[in-house]
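Undergrad: Quick one: the structure is below, questions incoming.
Please treat every number below as a calculation from the coordinates, not as lab data. Because the structure is predicted, anything quoted here is derived from the model rather than measured. With ideal geometry, Cβ positions are generated from the backbone for all residues, glycine too; neighbour counts draw on all protein chains shown.
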Amino acid sequence: MSDSPHYLQPYQEAVENYGGTFDATLWHSKEGQVKRFEVFCSFANFANHSILDVGCGIGDFAQYLIEKQINYSPFHGIDAMAEMINTANTRSFPNARFSVVDIVKTLDDLPRVDWITCSGTLNAMGEPLAIKIIDNLYAHCTLGLAFNFLSDQSRRDPNSESLEPASRFHTVGILEHVLQKTPHVAFTQTYMEGHDATIVMTKNKLDQ
């Protein structure tokens with residue numbers, strides 16, 4: 001565990017405790033994970049488009065799309081934890097594959113795809129690294145990037161909550177940054193009472 005980069009250490013510890021399971025993704029609940037997927041799909045039209053899911057865990061976003069009859073073409077999930085990818089590859093989703101990739105170490109070697117999604121993956125990283133990743137992911141998509149993070153505009157008392165290993169990002173600053181990349185930005189933090197925020201930034205206007 002000590003040899004893992006700081007942004008992977010919480011996940012390495014979780015995998016050691018839980019193996020390649022949902023619990024090792026560090027989501028507090030399945031319901032919260034699904035809610036974030038719902039928000040992605042409310043803004044982005046993934047149907048018949050290629051998707052790169054960064055920090056895919058055990059492949060739950062692919063499962064969600066299948067359950068909602070949203071036919072991606074194709075789906076590629078990447079995660080730095082081999083145990084998670086091993087589990088994802090046992091699930092036999094159609095037209096989907098999963099690979100062990102540390103996004104931080106491969107930023108310049110990503111394939112170009114239509115959509116890139118990043119759900120929960122940025123939470124354990126510092127904000128400067130997260131912004132670097134956002135910029136690079138957006139450069140590698142042809143249609144758009146959907147990502148979420150913990151909002152510092154939640155109106156919650158920081159002394160009353162424990163977010164480890166995650167941290168809240170400067171929401172207004174993130175918005176200002178992505179708006180320098182594209183005017184086509186959708187934002188919401190209404191779905192979890194301000195706790196979480198989602199941004200979908202596209203090359204052109206949102207296609208709904």
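Undergrad: Dipole magnitude of segment 65-135 about its Cα centre, charges +1 at Lys/Arg Cβ and -1 at Asp/Glu Cβ only, in debye to the nearest 20?
TA: The dipole magnitude comes to about 220 debye.
Undergrad: I'd like the FRET efficiency for Lys203 and Glu31, computed as 1/(1 + (r/R0)^6) with the beta carbon distance as r and R0 of 35 Å, rounded to 0.05.
TA: FRET efficiency, Lys203 to Glu31: 0.65.
Undergrad: Can you figure out the FRET efficiency of Asn95 with Thr21, using R₀ = 25 Å and their beta-carbon distance, to the nearest 0.05?
TA: 0.55
Undergrad: Considering the Cα positions of segment 45-144, please state its Rg to one decimal place and its Dmax as a whole number of Å.
TA: Just the Cα atoms of segment 45-144 yield Rg and Dmax of 12.8, 36 Å.
Undergrad: Choose one of Gly144, Ile131, Ser154: the residue whose Cα lies farthest towards the positive end of the charge dipole of segment 59-158 (beta-carbon charges +1 Lys, Arg; -1 Asp, Glu; about the Cα centre).
TA: Of Gly144, Ile131, Ser154, it is Gly144.
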